[in-house]
1. Please report 87, 53 as a ranked list, fewest other C-beta atoms within 10 angstrom at the top and most at the bottom.
2. Placing unit charges on C-beta atoms (Lys and Arg positive, Asp and Glu negative, everything else neutral), compute the dipole magnitude of the stretch 12-190 about its Cα centre in debye, rounded to 20.
3. Measuring from label point to label point, each 7 Å out along Cα→Cβ, what is the residue 162 to residue 46 span in nm?
4. Work out which helices of the chain, taken as complete DSSP H runs, extend at least 27 Å along their axis over the Cα atoms and score a mean Kyte-Doolittle of -0.5 or more, then list them.
5. Give me 101, 141 sorted ascending by neighbouring Cβ count inside 10 Å, so fewest comes first.
6. By how many nm would the segment from residue 186 to residue 136 lengthen if fully extended, with 0.36 nm per residue of separation less the alpha-carbon distance?
7. Would you mind getting me the FRET efficiency between residue 18 and residue 178? Use the beta-carbon distance for r and R0 = 30 Å, nearest 0.05.
8. List the residues, sorted by chain then number, that are 5 or more residues from residue 116 or on another chain and whose placed amide H is less than 5 Å from its amide H.
Amino acid sequence: MDTRNTANSYGSIAKWLHWTIAIFFLGSYVSVYYRHWFTAEETPENWIALQLHLSIGITLAAFIALRILWRITNKTPDLEPGTRLEHLAAHVGHYALYAIMIIMPITGYIGTSVDTEYFFLFDIPKFETTKLYEVLVTQGMGISFEEFEQPIDFIHTNLFGEWIVWLLILAHVAAALYHHFFKKDKTLIRMTIGNS
């Protein structure tokens, strides 16, 4: 299998990045929902779940950056035959997913009030303690972290995290299954077992 994309299929690197990011997004949600549903505040279990969520988020940011760079430097396979509306929906859906993949890790990092114990190996300082925060927020906006955190947390948790991310993922999965079972084209195969 080729590492690079072709007109007919995704290469092994694009596939690996796609499925790795999907698994990490799932891990991010599992950790945060486990924390909210099954742990009490101020307990070791709650802290571990939070730190896993933060660690996964930072890892996601790195993989997403790699995926965007890979997409910029690689040909995107041609769309399968379809209507103009289907092609428009595919483009809009992909751009929306990329936007979410960028927004969620950034808002997660800049809106957290604790350092990240990265998979309990080393600490990554919270945004509030960085020079960039001081320049942009303290000096630039002239507001406290609590004032800064509130809208960021709303974007990360309420606006995108609770509904929009899930709806986009469900739409993405539904579209892949629609192509595979109803249109019977190679859209899903190209991101799984298809050869370049």
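Bear in mind these aren't lab numbers, they're just calculated from the coordinates by the rules spelled out. What you are looking at is a predicted structure, and each value in this text was computed from that prediction instead of being measured. Virtual Cβ from ideal backbone geometry, glycine too; neighbours counted across all protein chains shown.
1. Listed from fewest to most nearby Cβ atoms, that is 87, 53.
2. That gives a dipole near 1300 debye.
3. Between residue 162 and residue 46, the simple spin-label model gives 1.9 nm.
4. Within the chain the helices that satisfy the rule are 12-38, 44-73, 84-110.
5. 141, 101
6. Roughly 13.3 nm would be gained on extension.
7. 0.95
8. 124, 126
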